[in-house]
Amino acid sequence: QLQLVESGGGLVQPGGSLRLSCAAYGFSLDGYSIGWFRQAPGKERVGVSCISSADDSTNYVDSVKGRFTISRDNTKNTVHLQMNSLKVEDTAVYYCAAMRAAYFCAEYVPWEYDYWGQGTQVTVSS
């Protein structure tokens, strides 16, 4: 009933772009911080970017800063992650997660997030 659904993943060449979407069903994203996480094969799930519920401020980890942009579309109850200049090392399953509590989302603490999507595969390969 309450869920997040990611979409937009796929296969792209290095230097290409993808736009991921995270749509909420059963609740409004207004009032939630949203984080994007990714998990590469054989590695731990790590934070990528987040947007705050308080003031829509954004955060990016150093590895994606300047290449990725997170944004809200409140009319569609959706958060997007625009990914440009993609690199092979960006290959991973990407997850969105929603946090209701007023924690600092840029700490990327998984247990602080209440809802998680199923993930969408991003593969960067020539």
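The values are calculated or read from the model by the stated rules, or taken from the named source; none is laboratory data. Keep in mind that what you see is a predicted model, and the values were worked out from it rather than measured. Here Cβ is always computed from backbone atoms with ideal geometry, including for glycine, and neighbour counts include all displayed protein chains. Please note that ligands, DNA and RNA were not included when accessible areas were found on the heavy atoms of the full protein model with its side chains. Shrake-Rupley method; radii C 1.70, N 1.55, O 1.52, S 1.80 Å.
Whether any residue in region 90-99 is touching a residue at least 12 places away in the same chain (Cβ under 8 Å) and surrounded by fewer than 16 Cβ atoms within 10 Å (Cβ to Cβ) is what I want to check. Steps first, please.
Residues of region 90-99 that are touching a residue at least 12 places away in the same chain (Cβ under 8 Å), as a first pass: 90-99.
Still in the list and also surrounded by fewer than 16 Cβ atoms within 10 Å (Cβ to Cβ): none.
No, region 90-99 contains no residue that is touching a residue at least 12 places away in the same chain (Cβ under 8 Å) and surrounded by fewer than 16 Cβ atoms within 10 Å (Cβ to Cβ).
Residues are listed down the side, and each one gets a yes or a no for (1) modelled with pLDDT of 95 or more; (2) in contact with a helix residue (DSSP H, G or I) (Cβ under 8 Å, 6 or more places away or on another chain); (3) of a type in the set (S, T, N, Q):
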{"site": "13", "(1), (2), (3)": "yes, no, yes"}
{"site": "18", "(1), (2), (3)": "yes, no, no"}
{"site": "51", "(1), (2), (3)": "yes, yes, no"}
{"site": "54", "(1), (2), (3)": "no, no, no"}
{"site": "100", "(1), (2), (3)": "no, no, no"}
Restricting the search to region 100-123, which residues are farther than 24 Å from residue 18 by Cα and open to solvent by 80 Å² or more (accessible area, probe 1.4 Å)? 100, 102, 103, 104, 107, 111, 114
Is it the case that residue 126 is part of a loop (DSSP other than H, G, I, E, B) and loosely packed, with under 14 Cβ neighbours inside 10 Å? yes
Test of understanding: among 62, 55, which residue is open to solvent by 70 Å² or more (accessible area, probe 1.4 Å) and under 17 Å from residue 99 (Cα atoms)? 55
Lone unmet requirement of (1) within 18 Å of residue 5 (Cβ to Cβ); (2) touching a residue at least 40 places away in the same chain (Cβ under 8 Å) for residue 75: (2)
Could you grab me the full set of residues in region 61-111 that are among the aliphatic types (A, V, I, L, M) and outside any strand (DSSP E or B)? 61, 64, 86, 88, 101, 102, 106, 109
